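Novice: Okay, handing you the structure first.
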Amino acid sequence: MTYCLNLDCPRDKRQNPPGTKYCLNCGSKLLLKDLYAATEPLRDGGFGRTFRAVNHGKFEELCVIKQLSPPQEFQRKPAHFKKYVRLFEQEARRLYELKHPQIPQLISYFEEDGRLYLVQEFIDGNNLKDELEKYGGYSEVKIRELLLDLLPLLNFVHDRNVIHRDIKPENVIRRNRDRKLVLIDFGVSKQVVAEAPTKTGTKLGTPGYAALEQRHGRAVPASDLYSLGVTCIRLLTSVMPYLDIYGDIHDDLYDPLEGRWLWREALPKGTKISQDLGQILDKLIQEYVKDRYKSAVEVLEFVKPAVVVISPAPNSQQVTVLSPSIPTQPVTQTPLVSMNLESEKGIDYSQLERLLAAKNWRGADEETSVKMLEVMEQVSRGYLSEEDIRRFPAKDLQTIDQLWVKNSHRRFGFSVQKGLWVKSGGKASVYDATVWEKFGDRVGWRVNDQWVYYLSLIHI
């Protein structure tokens with residue numbers, strides 16, 4: 001079907017058969033720039049409407065059309081509307097220059113029949129709100145993964161003097177083809193409204209996510225960090241703001257009388273959050289800018305992967321380690337054999353072999369991390385996602401594991417970790433917070449019920 005974009009056309013009569021050039025109901029032209037045809041509405045917003053579409057100039061490639069709706073105060077005054085159009089072009093050009101694999105590419109922007117349009121890359125995937133409804137609340141591991149994925153992206157955006165202004169679960173899509181998080185709906189219209197002249201002012205952002213300064217008409221990079229923090233606590237608790245029958249917004253996660261978020265009290269039973277992640281989230285969602293992190297880079301300095309800890313027990317043979325280097329007693333009596341350093345991706349493991357042979361556990365641990373990132377081509381990102389781990393080549397995993405098992409005499413290795421995980425009551429590919437803590441306690445990654453950072457590691 002081809003969808004009519006004329007706002008005056010009755011909503012129930014906007015669908016037209018494929019190949020139709022003019023709306024059968026109102027007569028409006030259906031192809032924008034004779035190229036782009038809307039096929040179905042995706043969502044309406046205060047600043048415009050979004051449609052799934054096809055690009056007839058590029059082999060019927062899927063795309064997204066955004067039809068922007070300037071506020072009435074801009075439309076009533078020609079001088080204001082003219083400036084609005086000029087600012088729209090400036091902001092669209094800025095968005096076009098934001099070339100990043102986790103931002104939908106802007107294909108075109110233009111004015112047609114007195115309306116403003118953006119055409120962007122279509123992202124095939126589900127947004128995080130849909131994921132939440134399907135799979136339930138997030139764990140600490142997933143929240144850390146989200147932060148590690150989106151914070152470098154926000155740093156890229158902010159470095160180019162762009163503020164998103166509307167970060168929320170609905171605006172983050174997990175792309176199907178590579179499972180990466182993609183940030184959508186960069187508010188070109190919102191940015192224009194923020195800069196265009198108006199007497200009444202326009203509230204920007206989504207209630208329940210927008211920071212105090214943003215609600216008063218001023219957004220800064222820390223405003224996006226606030227919205228990211230709120231997104232995290234909503235994904236942890238599954239508590240979303242809602243409208244009552246009178247159209248008023250309610251939020252059970254925030255106490256306006258005390259001026260504080262109640263996210264810890266709202267955590268589902270069995271969900272546990274480490275002290276350090278809790279402190280990070282608390283600082284992200286502080287009411288005043290001066291009390292928050294000032295940049296995405298600053299947050300990244302405190303966010304670390306969840307696996308980090310180890311303190312040697314007194315009078316034991318355990319050592320403090322990370323990744324494959326987990327201390328344990330031998331779990332198998334199979335004889336050690338020589339091995340080939342095989343790799344499906346052509347990775348050279350000879351340096352890892354030399355470090356392990358020299359019993360340089362810290363150096364070998366760091367080399368292992370580098371090589372695993374090289375295998376999945378994620379060196380620039382600096383960590384592996386759950387999807388990366390699921391797709392990790394079996395041959396490379398076996399090579400790394402056998403190197404560790406052989407040179408440590410079965411004290412370290414991923415296969416050793418698996419044995420301990422199973423003995424702690426765990427199952428493959430199933431996250432269980434209770435088992436995870438037992439596992440951490442068993443290998444020494446937790447001390448006094450707290451996870452210890454990798455920097456505290458002692459390799460002996």
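Novice: Straight-line reach only, C-alpha to C-alpha below 21 angstrom: list the lysines that residue 418 could link to, leaving out same-chain residues fewer than 8 apart.
Specialist: Candidates past the 8-residue exclusion: 142, 371, 395, 406, 427, 438.
Novice: Summing Lys, Arg as +1 and Asp, Glu as -1, what charge do residues with Cβ under 9 Å from the Cβ of residue 67 carry, residue 67 excluded?
Specialist: On the way: positive: 49, 66, 115; negative: none.
So the surrounding residues net to +3.
Novice: What distance in nm separates the two pseudo spin-label positions at residue 249 and residue 141, each 7 Å out from Cα along the beta-carbon direction?
Specialist: Spacing of the two 7 Å Cα→Cβ label points: 3.4 nm.
Novice: Something else about it: With just the Cα atoms defining each centre, how far is the stretch 142-169 from the stretch 251-295? Give it in Å.
Specialist: Taking the Cα centre of each part, the stretch 142-169 and the stretch 251-295 sit 18 Å apart.
Novice: Which Rg and Dmax, in Å, describe the Cα atoms of the stretch 349-431?
Specialist: 13.3, 35
Novice: Rounded to the nearest 0.05, what FRET efficiency do residue 215 and residue 423 have when you use their Cβ-Cβ distance and R0 = 60 Å?
Specialist: Here the calculated transfer efficiency is 0.70.
Novice: Another question about this same structure. Cβ neighbours within 10 Å, averaged per peptide: list 289-295, 152-158, 167-173, 129-135 in order, most packed at the top.
Specialist: Values: 289-295: 16.1, 152-158: 19.4, 167-173: 22.3, 129-135: 14.0.
Final packing ranking: 167-173, 152-158, 289-295, 129-135.
Novice: If we count every other residue with Cβ under 9 angstrom of residue 126's Cβ, Lys/Arg +1 and Asp/Glu -1, where does the sum land? Before the final figure, lay out the partial values.
Specialist: Working: positive: 129, 134, 174; negative: 130, 131.
Once all neighbours under 9 Å are counted, the net charge is +1.
Novice: Restrict the search to the stretch 1-71; then list the chymotrypsin sites (Phe, Trp or Tyr not before Pro) that DSSP places in a loop and that have at most 12 other Cβ atoms within 10 Å of their Cβ.
Specialist: Values: sites: 3, 22, 36, 47, 51, 59; in loops: 47, 59.
Passing both the DSSP loop test and the Cβ count: 59.
Novice: Applying 1/(1 + (r/R0)^6) with R0 = 56 Å to the Cβ-Cβ distance of residue 110 and residue 437, what FRET efficiency is obtained, to the nearest 0.05?
Specialist: Working: r = 56 Å, r/R0 = 1.00.
Here the calculated transfer efficiency is 0.50.
Novice: Still on this structure, please answer the following. May I ask for the net charge around residue 236, where only other residues with Cβ less than 11 Å from the Cβ of residue 236 are counted and Lys, Arg are +1 while Asp, Glu are -1?
Specialist: +3
Novice: Once fully extended, how much extra length lies between residue 392 and residue 62, figured as 0.36 nm per residue of separation less the alpha-carbon to alpha-carbon distance?
Specialist: Gain on extension, residue 392 to residue 62, equals 115.8 nm.
Novice: Same structure again: Rg and Dmax of the stretch 2-121, Cα atoms, in Å?
Specialist: Both quantities, over Cα of the stretch 2-121: 14.6, 41 Å.
Novice: Let me ask you something else. When a/c reaches 1.5 or more, the comparison of a/b and b/c decides; with that in mind, is the stretch 125-300 rounded, prolate or oblate per its Cα gyration tensor?
Specialist: rounded
Values quoted throughout were computed directly from the atomic coordinates according to the rules given, and no laboratory measurement underlies them. Just so it is clear, the structure is predicted and the values come from calculations on it, not from any experiment. No Cβ is skipped: glycine too gets one built from the backbone with ideal geometry, and neighbour counts run over all protein chains shown.
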